[in-house]
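Here the structure is laid out as structure tokens; the discussion comes afterwards.
The values are calculated or read from the model by the stated rules, or taken from the named source; none is laboratory data. What you see is a predicted model; the values in this text were computed from it and never measured. Counting neighbours? That spans all protein chains shown, and the Cβs are built from the backbone with ideal geometry, glycine included. Surface accessibility is based on the protein's heavy atoms, side chains included, excluding ligands, DNA and RNA. Shrake-Rupley method; radii C 1.70, N 1.55, O 1.52, S 1.80 Å.
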Amino acid sequence: MRQFFKSLYLTNRLWLALTASIVLFIIAHFIPQLFVLAVGIFSGIVTTLLLDLAVLYRVRRGLSAQRSMPEKLSNGDENEVAIATANYYNFPIQVQVIDEVPPQFQRRDILFRTKIASGSETVLQYSLRPTRRGEYAFGALNVFAASPIGFARRRFRFEADKVVPVYPSFLQLRKYELLAVSNRLNEIGVKKIRRLGRSMEFEQIREYVVGDDYRTINWKATARTGNYMVNQYTEERSQPVYCVIDKGRTMKMPFAGLSLLDYAINTSLVVSSIALYKSDKAGLVTFSEKMGVLLKADRRSTQMMAITDLLYKQKTRYLESNYEILYANIRRKVSRRSLMLLFTNFESLSAMRRQLPFLRRLNRDHLLVVIFFENTELKAMVESHRAGLVPVAPEDGSAGKASPTNVTTEQIYLTTIAEKFLSEKRQIVRELHLHGIQAILTEPENLTVDALNKYLELKSRGMI
């Protein structure tokens, strides 16, 4: 009986009918002739309600519902969720489906209303975009069924308390892997870079064909065989590529819902995969005020799984990052010259200069690329304030001059300060270049494409 009342919900249609019946009873107090009609209507409502309950509860399993979704969600991407609902009643039902999504999404609009014919099934779909890694707990899948009478609804609960992990953006990874395999990375902005010179990594000796570079002729092999033979070279392989991720407080800053740390993690996953596809070795380093993980660069089949699991566990720390510890650990544990893609964020020139000695030492032993972020919100604010200056056309038809429209002193002050911060970011790039350090200033949304372009550029130039 307790379960019966917990699953029973009375509809507005019933309450409206009862309200009309009560009003009729009140009127019958003054007009006695209407009392019999009021009793008849009330009895009809009660009888109809009992009939409605009988048809809804006469079967134990009136319908079923199942939530279909990936075993893990992709961070920062739209993840599709499907709800399949089947009707086992011998009459069509009106259903309301409410899915209790994890509180991290802050969504209360997952509500569907539809009609399902007897013995048929319907599929409802929606998407979720997580912005943090970790475990997300889904609540129950609530389905409210109503007969054609519509005086009551019966609630069914399915799939309560399901926990789904959110991993770094594997959907973005699959997209880049597919484009790399089909040689279509240029469709998403990755440039095709012409190789400068030729690689000196020997692959094999083969017979000369028209069009081969005569400078590659192997005269000893030619003398032995009597035919012209040439040396064939291939792109250098097994070059170590490390993604170095700063987990300090500056990486907590959010853009479009994702923190800079998550942007760096998603990009590191893609760069590591493309490096392995290019037959290089991929590794991972994380640090903050203390050293994090250091996964040695390798090409083994389980390397991507190891990188993914490590990236899933990374969290932002709230102290200033210690570059001295980073340099000491890399110097001690990474002996071979490697490409180091350092994902960090310098908000001021003075902050970069404090770490410059360690960056120079790191660049002396390895090929260092410092990748940091442009503040797109400041940039948008500057552009919107500049839009307050509109051209005013004079009466003589000559070129107009810019004139402020509703621009306050505060806006001018904020714009000036914002432009100073943006200018300092560009100055950081120039100063790093002066010290021989590769640097990229990029918007968070373009991070993956810019990092891949730099990796392919350095590889084509033979700098790794």
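Choose one of L73, A28, L16: the residue whose Cα lies farthest towards the positive end of the charge dipole of region 12-99 (beta-carbon charges +1 Lys, Arg; -1 Asp, Glu; about the Cα centre). Among L73, A28, L16, the one farthest towards the positive end of the dipole of region 12-99 is A28. In this structure W15 has an accessible area near 130 Å², from a 1.4 Å probe over the protein heavy atoms. Does a label point 7 Å from the Cα of S64, set along Cα-to-beta-carbon, have any residues of region 85-115 with amide nitrogen under 14 Å, and which are they? What the label zone holds, given the 14 Å backbone N cut-off, is 85-89.
Screening the chain for whole DSSP H helices with an alpha carbon extent of at least 18 angstrom along the helix axis and a mean Kyte-Doolittle hydropathy of at least -1.0 yields 12-30, 35-57, 260-277, 349-365, 409-434, 447-460. Largest to smallest in accessible area, the residues S460, S43 fall in the order S43, S460 (1.4 Å probe, all protein chains included).
Here the label points at E457 and R354, each 7 Å from Cα along the C-beta direction, are separated by 2.9 nm in the simple model. When the surface is traced with a 1.4 Å probe over the full set of protein chains, R299 keeps roughly 120 Å² accessible. In terms of accessible area, using a 1.4 Å probe and ignoring ligands and nucleic acids, H433, H366, H29, H385 rank largest first as H29, H433, H385, H366.
Computed with a 1.4 Å probe over protein heavy atoms only, the accessible area of M381 comes to about 50 Å². The residues neighbouring L378, those whose beta-carbon lies less than 12 Å from its own, together hold a net charge of -4 under the Lys/Arg +1, Asp/Glu -1 convention. In region 324-351, which residues have a backbone nitrogen under 17 Å from the label point lying 7 Å from R364's Cα in the Cα-to-Cβ direction? Within reach of a label on R364, which here means backbone N under 17 Å from a point 7 Å along Cα→Cβ, region 324-351 contributes 324-338. Protein-only accessible surface at a 1.4 angstrom probe places the residues Y9, Y318 in the order Y318, Y9, largest first. Note on S120 and S238: their simple-model spin labels are 6.3 nm apart, each label 7 Å out from Cα toward Cβ. Here the calculated FRET efficiency for T47 and R108, from their Cβ-Cβ distance with R0 = 51 Å, stands at 0.85, rounded to the nearest 0.05. Comparing Cα centroids, region 314-384 and region 117-163 end up 46 angstrom apart. Projected label points at Y277 and L8, each 7 Å from Cα along the beta carbon direction, are separated by 6.1 nanometres. Taking the DSSP beta bridges with both ends in the chain, the antiparallel portion is around 70 percent.
Over the chain, accessible surface divided per residue gives 54 Å², non-protein components excluded, 1.4 Å probe.
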